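For reference, the structure is listed below as structure tokens.
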Amino acid sequence: MDQADGVMAAVREVLGDAVLGGYLFGSAVAAGLRPASDIDVLVVSARPGSDDAKRRLIGRILPISGRGDPSGAARSVELTIVVQRDVVPWRYPPRLEFQYGDWWRSEFEAGAIAPWESPNPDVALLVEQVLGASEPLFGPPATELLDPVPPADVRRAMLDGIPGLLADLVGDERNVLLTFARIWATLETGRIWPKDQAADWVLARLPAGRGDVLAHASAIYLGEAAEDWGDLLSGVRPLVDHLHAEILEAAERRPAGR
């Protein structure tokens with residue numbers, strides 16, 4: 001995939017021999033890219049990078065990610081870098097060395113180099129996905145560089161991410177709804193689902209009259225509907241509250257520490 005290879009080339013140019021491996025994962029590998037899918041890349045580094053290296057890397061990614069591409073053809077890039085010694089041996093919560101995502105584009109354009117939080121529970125989910133299904137862009141298979149993530153830490157990471165999702169709900173309705181659906185499906189089944197498949201799993205379990213909002217979120221993700229909520233917007237928060245309650249019940253049945 002040309003865009004993923006471009007991301008990997010930028011990382012290797014900036015970080016040099018510190019790069020141990022780079023992996024394409026997510027929809028591109030697990031279920032096929034959807035119209036709204038990002039290009040997800042995780043890189044394992046031998047050591048932390050300098051602030052200057054982070055600035056240079058951001059400068060390389062901005063023009064090839066999402067709306068930064070003048071051709072308008074590029075997908076948004078989500079690039080995550082972890083230092084191997086921060087995740088091997090595995091411990092929770094894991095540390096995050098670097099992350100580029102277009103949701104931080106305005107911060108990056110304003111000169112920020114580290115708007116993320118570290119330690120960061122989401123790294124557990126990313127590593128789990130890479131170990132479950134990924135394609136090396138550089139280096140050996142991911143299993144040679146990364147430790148397995150215990151199922152209890154996958155569940156814990158999903159629950160720890162909920163406050164941030166709730167804070168982002170207004171303006172990011174589609175992504176938050178689909179992520180809540182994936183959390184519930186994963187807690188119940190032990191599998192991290194692609195977002196549209198998680199929505200299908202949840203839709204089969206929602207009470208009558210509750211499914212229109214989630215079905216619309218899935219249709220937007222699949223490119224089958226415009227990101228226009230209209231009258232459905234009033235149903236977003238009640239559905240999130242319902243999914244949240246289901247998630248908490250599932251977590252009580254399968255506590256994160258077990």
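Couple of notes before you dig in:
- Secondary-structure-derived ellipticity at 222 nm for the chain, considering helices only, amounts to -13500 deg cm²/dmol, per-run term -39500 (n - 2.57) for DSSP H runs with n ≥ 4.
- Helix 2-15 axis, angle to the chain major axis (alpha carbon atoms, nearest 10°): 50
- Ordering of 33-40, 241-248 by packing is 33-40, 241-248, highest average first (other Cβ atoms within 10 Å, averaged per residue).
- In the chain, the longest principal axis of the Cα atoms and the axis of helix 151-160 are about 80 degrees apart.
- Crossing angle, helix 211-221 versus the chain [Cα axis fit, 0-90 degrees, rounded to tens]: 30
- Working ranking of peptides 116-125, 142-151 by packing, defined as the average number of other Cβ atoms within 10 Å per residue, highest first, is 116-125, 142-151.
- Distance from the C-alpha centroid of segment 229-250 to that of segment 1-56: 33 Å, rounded to the whole angstrom.
We did not get these values from a lab; they are worked out from the coordinates using the rules stated. The structure presented is a predicted model; accordingly, all values stated were derived computationally and were not measured. Positions of Cβ are generated from backbone atoms using ideal geometry, with glycine treated the same way; all protein chains shown enter the neighbour counts.
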